[in-house]
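The next block holds one structure in the form of structure tokens; read it before the comments.
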Amino acid sequence: MTAAAEPAAELQALPEELQAWLQHLQVERRLAPRTLTLYTEALRRLVRAAQAHPVPLLQVQSHHVRRWAAQLHGQGLAPRSIAIVLAAWRGLYRWWGDNRKISSNPVEGVRAPKAGRPLPKALSVDHAVALAEHEPTTDDPALRARDHCIVELLYGCGLRVGELVALDVAGSAEAVGWIDREPGGEATAHVLGKGSKRRSVPVGSAARKALDDWLAVRGQMAKAGEPALLVGRRGGRITDGQVRARLKALALQAGLPVHVHPHMLRHSFASHLLQSSGDLRAVQELLGHASIATTQVYTRLDFQHLAKVYDAAHPRARKRGA
């Protein structure tokens, strides 16, 4: 049976008036098979809810729909899944309204529960260090130095990938971002973040070492007169996509069990710094967040870390017999 035929076969379990709407969606609206499958299941939920109440489908009111949506939430259905269910119900009753079977749509104005904001994905400290200490597997010493510098600047400074690739070797009137490096001393990355907001981020010792190693061989790759700090094989400024590809490859080489992307290293920088310092305001400044509320998401990551430590170490958290 083809994918297009599967939804049609599923219609047989539904009342005729619901089958008619799904046929309309399949034939006239040409909805994707996956969407039809989701809508079919949503209508099965509607039938079960109406039978349990009981109430005829054409007499369903808004208070019924709100109650049923709350029940779905109580049963553990995710907010996004409830939104799909309500979309299917809303479409059915709108169709019935267009055909003058009902005078008002009982699903209009009913919304799914708000989905929780997903936590940013960060590496564990061990995985982040393993990636930073991994020596890229390439015979080209310049590429090895550049890739190591990329990892150290992303993780050590919490830069966005766009801020990283915009860095120049030195500051100038045309420079968007640059690094001030005092020989044998401190280093500071000056970047232009979101909302054209400038910030300066200190470069730690490990990142300074990687930066110096790269600058020592950068001339082997960079074109004459190229201002970019990080360059690709052709000698010009490296792109976002190239950084993402190199980081993905480096993570695989280092044996990390997750897909690593540049923003994950920024999240890791923030999470690990907050775990160590507890200074939310300082992390906000280093990340360049306009609002402290944006930075507070990392306190949730920090709490998860503390909860794992508690579960592993606290006597009252251990299961009996463990």
* Asked: Going highest first, how would you order 103-110, 270-277 by mean Cβ packing within 10 Å?
  -> 270-277, 103-110
* Structure fact -> Partner aspartates and glutamates whose C-alpha sits under 19 Å from that of Lys101, ignoring same-chain residues fewer than 8 away, are Glu16, Glu17
* To do: Would you work out which of Ala293, His24, Leu192 lies farthest towards the positive end of the dipole of the chain? Charges go on Cβ: Lys and Arg +1, Asp and Glu -1.
  => His24
* **Folded to 0 to 90 degrees: helix 33-52 orientation relative to the chain principal axis, Cα** => 50 degrees
* Asked: Ordered by residue, what ³J(HN,Hα) values in Hz, to whole numbers, does the range 164-179 give under the Karplus form 6.51 cos²θ - 1.76 cosθ + 1.60, where θ = phi - 60° and Gly and Pro are x?
  -> 5, 5, 7, 5, 9, 5, 9, x, 7, 5, 8, 5, 7, x, 6, 10
* **With Cα atoms, 0 to 90° folded angle of helix 205-217 axis to the chain main axis** => 70 degrees
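Cα-Cα pairs above 25 Å in the chain: how many percent? Present the calculation step by step, with values, prior to reporting the outcome.
On the way: 33257 of 51681 pairs.
When all Cα pairs of the chain are counted, 64 percent exceed 25 Å.
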* Three-way shape call for the range 5-98 based on the alpha-carbon gyration tensor, with the a/c threshold at 1.5 -> prolate
* To do: Name the residue farthest towards the positive end of the dipole of the range 54-168 from the options His127, Val161, His63, assuming +1 on Cβ of Lys and Arg, -1 on Cβ of Asp and Glu, about the Cα centre.
  => His63
* Between 0 and 90°, nearest 10: helix 16-27 axis offset from the chain longest Cα axis -> 40 degrees
* Going by a ≥ b ≥ c, the root eigenvalues of the Cα gyration tensor, does the range 135-276 fall in the rounded group (a/c under 1.5), the prolate group (a/b larger than b/c) or the oblate group? -> rounded
* Only Cα pairs under 8 Å and at least 6 apart count here; give the relative contact order of the chain as a rounded whole percent. => 14 percent
* Could you give the dipole magnitude of the range 5-98 about its Cα centre, charging the beta-carbon of Lys and Arg +1 and that of Asp and Glu -1, in debye to the nearest 20? -> 420 debye
* Among 88-96, 56-64, 186-194, what's the highest-first ranking by average C-beta atoms within 10 angstrom per residue? -> 88-96, 186-194, 56-64
* Asked: Counting pairs of alpha carbon atoms under 8 Å apart in space and at least six apart in sequence, what relative contact order in percent does the range 5-98 give?
  -> 30 percent
* Structure fact -> Taking Cα pairs closer than 8 Å and at least 6 residues apart, the relative contact order of the range 128-211 in percent is 23 percent
* Electrostatic dipole magnitude of the chain [Cβ: Lys, Arg +1; Asp, Glu -1; Cα centre; debye, to 20] -> 1220 debye
* Structure fact -> Between the residues Leu274, Leu247, Asn99, the Cα farthest towards the positive end of the dipole of the chain, that dipole coming from +1 and -1 charges on the beta-carbon of Lys, Arg, Asp and Glu, is from Asn99
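Values in this text are rule-based calculations from the coordinates and carry no lab data. Everything numeric here is computed off the predicted structure, so don't read it as measured data. Backbone-built Cβ (ideal geometry, glycine too); neighbour counts: all protein chains shown.
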